[in-house]
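Colleague: Handing you this structure, nothing more for now.
The values are calculated or read from the model by the stated rules, or taken from the named source; none is laboratory data. For clarity, every value in this text was computed on a predicted model and none was experimentally measured. Virtual Cβ from ideal backbone geometry, glycine too; neighbours counted across all protein chains shown. With ligands, DNA and RNA removed, areas are computed over all heavy atoms of the protein, side chains included. Shrake-Rupley method; radii C 1.70, N 1.55, O 1.52, S 1.80 Å.
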Amino acid sequence: ASQAIRDELRTRLPEYMVPASITLVDAFPLTPNGKVDRKALPEPAGGSDDRTIDAPVTPGEAAVATIMATVLSLEAVGRSEDFFRLGGHSLLAMRMVARLRQQFGPAATIQAVFDHSTPARLAAHLTLQTPGSGPPTIPRRDDATSSPLSFAQELIWVQSEMGQARAAYNVPLVRWVTGPLDVGALRQALNTVVERHATLRTTVAVEDGIPVQRVRPATPVEWEYDDLTGEPDSRSVALERARQAVGRAFALDRDQLLRAASFRTGADEHLLVLVAHHIAVDGWSGGLLLRDLALAYGAARAGQALNWPALSIQFGDFATWQRQTLQGPALEEQLTYWTRRLAGAPTILELPTDRPRTDRLAGPGDEVIAFIPPDVQQQALALAMEHGATLYMILLAAWQVLLGRYSGQRDIVTGSPVAGRPTPETEELVGDFVNTVLIRSRLDGDPDFLTLLGQVRSTCFEAFSHDVVPLETLSAALHRIDGNAPQFQVLFVLQNNQVSTTPFPGLELAPAKVHVGTAKFELSLSVAEVAGRGLRTSLEYRSDLFDRSTIDRMLVHFETLLRSIVAEPRTPVHKLSMIGLAEQRWLDEAEQGATLPPLITTVGEAFAAQAGATPSRIALDCSAGLITYGELERRAAHVAAYLRGLGAGPGHTVALCVDRSPDLIVAILATLKAGAAYVPLDPTYPRQRLEFMVADSSATHILC
């Protein structure tokens, strides 16, 4: 039945809009107010529910299919099934390469996975080795209490010692927790997680001028707790307390590198705050922390011992192994590639800033969040599939086009982090494995976007195959050669770390927006895929260099540019439109010498104008989620039309008896759009008080 539905949809929709999975239900579950209860819907099956799994026919195919299924979290993969059509992407491909090399040797590369993306083709390209002939695993050391810093840790330590980083390297994990939280069990669970991952109880000491990491015995994690239910606005107070906790710097030589706080804001609501230092964790580690914390919390609640598999190594083992292996010919081969690749690259990206640059590496910062709609996301995915690329490559190329258009430069160098977890056992470790590679793109000759995409694709393959050289080592080598090294001020990240999630028993967790208040780079664009919402873009920026309005406009330009790319990918990059409709109308009028439009006179008109200019920007950030200007404008306009239909308008008063929620904001905007005045009523007031307020204000309508 589902295949028949898909066949019918293909006659009406482009291929990229045809769902890969269709789940049939007898009826949609509804909430008490008649809306679809999304939480009660069954989970859709991963991938196509009509997959044909043809069994492997050779040992090599069987080995590749098993590895592919493991990486994709599938029960099985057929010999003819395509890795990327099953949900694979660049990061998963790199994880698969780490496993393939243990059985197939160095011929297993990231490009091999892209060029031969089925088990049958990839096995034919590779040669199965005899057991034990693959690359060695990371050995476990006898001394588990002391080890050198990894290269990435050393760079962070140096910047911290120079006073340039401070709280910029704090990594927050902040979640709203709904349900009967057992704070005591959660504290016990966090202590269990810290005991499991040695890097979370590590400090940095200096011996003979060289920094080393020392593992301390497990001690209870610092935990701040407060009951804020008596505060008038407990959620706002909790978020401010969280910001204070997130912004407090660590002393690397004496502090435990993880601390926690929880603030009770309601009968069954808490704000959970975990703050770790980047020298101990990376983005991947955040998923591991929450997964392990959920497992330990469930065991603590049940009063049971947690029998999870022992870790084969700790982070100190990796750091020692990295120092021992990345030297001599292995290091020289990597450096040779990068020095050749970056020869003559610009040392700075001349982006126009609102204030002069400084010499500081980090500075005060903030972020702006927006959503790119699902239709653009799906078209970008379809474009990537058609040209043997990934969403990461599409977005990175688009970002570099935007940077080129802003700066006027034709040689763009962008930093992009890579997971840096070279073996399967490192995938289970909390620690700072991440490394940053430099992606250089040339816009000379004004290539069309598909030509640029091919260039970015090849560059990414090469960069991911040479991703172990530490950035500081590379910079030093380039300085030795010609006295210059490209300094990147802009970062690009696609957040697609896939650590299997584990639910907290009886609880629901939702992200809370708390920014650390600093920025390590001038601009850092982070993109994540959000089911049903499209692409969540977060642009962190140095607030001492850029105004908020500049960043808002930049995100509008990025979305418009991406729309232009997916619509006409063969357009030369300098002709791709990145100007929104409202901005283009203003430019056209200014070019024609038109006078400025009359001032907007009402709040409703002002909000409608803002929604028209930035429909994908975030207007509300609340417990119900993020709501864009466009969505809020549509909802308010709908209610305003309803009010006008009831006769509400100028000269009328509408009483709003609505809880503090997005609905209240909609009601206020709708009343103003209808031309009426509003009177706020607190639903918790006594009935007599509410009746008096309605009568005293001569309200003609009441909106509940």
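Colleague: Find all pairs meeting these conditions: Cβ atoms under 9 angstrom apart; at least six residues apart or on different chains; first residue within the stretch 380-403 and at positive phi; second residue of a type in the set (Lys, Arg).
Modeller: Correct list of pairs: Gly388/Arg457.
Colleague: For the stretch 313-342, name all the residues that are out of contact with any Lys or Arg (no Cβ under 9 Å at 6 or more places or on another chain), in a loop (DSSP other than H, G, I, E, B) and aliphatic (A, V, I, L, M).
Modeller: Within the stretch 313-342, Leu326 is the sole residue that qualifies.
Colleague: Right, here's the next one. Going by the structure shown, is Ala670 among the hydrophobic types (A, V, I, L, M, F, W, C), modelled with pLDDT of 90 or more and over 38 Å from the mean Cα position of the chain (by Cα)?
Modeller: Answer is no for this residue.
Colleague: Does Ala218 qualify as being open to solvent by less than 70 Å² (accessible area, probe 1.4 Å) and among the hydrophobic types (A, V, I, L, M, F, W, C)?
Modeller: Yes: the conditions hold for Ala218.
Rundown of residues vs (1) in a loop (DSSP other than H, G, I, E, B); (2) modelled with pLDDT under 90; (3) open to solvent by less than 70 Å² (accessible area, probe 1.4 Å), yes/no style:
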position	(1), (2), (3)
Arg553	no, no, no
Val566	no, no, yes
Ile579	yes, yes, yes
Ile600	yes, yes, no
Gly604	no, yes, yes
Ala611	no, yes, yes
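Colleague: Here is a follow-up. Can you tell me which of Asp317, Asp354, Asp359, Asp366 is under 25 Å from Pro470 (Cα atoms) and open to solvent by 20 Å² or more (accessible area, probe 1.4 Å)?
Modeller: Just one listed residue meets the conditions, Asp359.
Colleague: Oh, and also: Gly132 versus (1) more than 29 Å from Leu326 (Cα to Cα); (2) at pLDDT below 90: which is the lone unmet condition?
Modeller: Going through the list (1) more than 29 Å from Leu326 (Cα to Cα); (2) at pLDDT below 90, Gly132 breaks only (1).
Colleague: In the stretch 441-472, what residues are within 24 Å of the chain's Cα centre (by Cα), open to solvent by less than 10 Å² (accessible area, probe 1.4 Å) and among the aliphatic types (A, V, I, L, M)?
Modeller: If the condition is that a residue be within 24 Å of the chain's Cα centre (by Cα), open to solvent by less than 10 Å² (accessible area, probe 1.4 Å) and among the aliphatic types (A, V, I, L, M), then Leu453, Val456, Ala463 are the ones that fit.
Colleague: So which residues in the stretch 678-704 are more than 41 Å from the chain's Cα centre (by Cα) and open to solvent by 40 Å² or more (accessible area, probe 1.4 Å)?
Modeller: Tyr685, Pro686, Arg687, Gln688, Arg689, Glu691, Phe692, Ala695, Asp696, Ser698, Thr700, Ile702 - these are the residues of the stretch 678-704 that are more than 41 Å from the chain's Cα centre (by Cα) and open to solvent by 40 Å² or more (accessible area, probe 1.4 Å).
Colleague: Which ones in the stretch 369-403 are part of a helix (DSSP H, G or I), touching a Lys or Arg at 6+ places or on another chain (Cβ under 8 Å) and crowded, with 21+ Cβ neighbours inside 10 Å?
Modeller: Met393
Colleague: Which of the residues belonging to the stretch 261-273 are open to solvent by less than 10 Å² (accessible area, probe 1.4 Å) and either among the hydrophobic types (A, V, I, L, M, F, W, C) or not in a strand (DSSP E or B) (or both)?
Modeller: Ala261, Phe263, Leu271, Leu272, Val273
Colleague: Collect the residues in the stretch 527-543 that are open to solvent by 30 Å² or more (accessible area, probe 1.4 Å) and touching a residue at least 24 places away in the same chain (Cβ under 8 Å), keeping them in residue-number order.
Modeller: Listed by number, the residues that qualify are Glu529, Val530, Gly532, Arg533, Arg536, Glu540, Ser543.
Colleague: Further question: Give the residue that is nearest to the chain's Cα centre (by Cα), with candidates limited to residues of the stretch 216-250 that are over 30 Å from Val204 (Cα atoms) and polar (S, T, N, Q).
Modeller: Ser236
Colleague: What pairs come out if I take residues in the stretch 21-32 that are open to solvent by 60 Å² or more (accessible area, probe 1.4 Å) and pair them with residues that are modelled with pLDDT of 75 or more and acidic (Asp, Glu) whose C-beta lies under 9 Å away, six or more apart or interchain?
Modeller: Phe28/Asp37; Leu30/Asp37
Colleague: Would you pick out the residues in the stretch 191-211 that are among the β-branched types (Val, Ile, Thr), surrounded by 17 or more Cβ atoms within 10 Å (Cβ to Cβ) and not in a helix (DSSP H, G or I)?
Modeller: Within the stretch 191-211, Thr202, Thr203, Val204 qualify.
Colleague: If a residue must be in a loop (DSSP other than H, G, I, E, B) and either touching a helix residue (DSSP H, G or I) at 6+ places or on another chain (Cβ under 8 Å) or at pLDDT below 70 (or both), how many such residues does the stretch 468-502 contain?
Modeller: 15
Colleague: A further question on this structure: Within the bounds of the stretch 170-187, is there any residue that is surrounded by 15 or more Cβ atoms within 10 Å (Cβ to Cβ), at pLDDT below 90 and aromatic (Phe, Trp, Tyr)?
Modeller: Within the stretch 170-187, none of the residues are surrounded by 15 or more Cβ atoms within 10 Å (Cβ to Cβ), at pLDDT below 90 and aromatic (Phe, Trp, Tyr).
Colleague: Suppose we filter the stretch 64-87 for residues that are free of Cβ contacts under 8 Å to residues at least 60 places away in the same chain, more than 11 Å from Arg99 (Cβ to Cβ) and under 22 Å from the mean Cα position of the chain (by Cα); how many remain?
Modeller: Final tally of qualifying residues: 3.
Colleague: With the requirement that a residue be among the hydroxyl-bearing types (Ser, Thr, Tyr) and open to solvent by less than 20 Å² (accessible area, probe 1.4 Å), what does the stretch 419-440 give you?
Modeller: Hits for the stretch 419-440 are Thr423, Thr426.
Colleague: Being more than 23 Å from Val430 (Cβ to Cβ) and either basic (Lys, Arg) or modelled with pLDDT of 90 or more (or both): is that true of Glu269 here?
Modeller: Here the answer is yes, as Glu269 does meet what is asked.
Colleague: Select from the stretch 140-157 the residues that are more than 25 Å from the chain's Cα centre (by Cα) and closer than 12 Å to Phe315 by Cβ and write down the one among them that is most open to solvent (accessible area, probe 1.4 Å).
Modeller: Arg140
Colleague: If I ask for residues that are assigned to a loop (DSSP other than H, G, I, E, B) and over 21 Å from Glu195 (Cα atoms), which ones from the stretch 214-237 would you list?
Modeller: Leu228, Thr229, Gly230, Glu231, Pro232, Asp233
Colleague: May I ask you to list the residues in the stretch 406-442 that are basic (Lys, Arg) and closer than 25 Å to Ala343 by Cβ?
Modeller: Selection gives Arg410, Arg440, Arg442.
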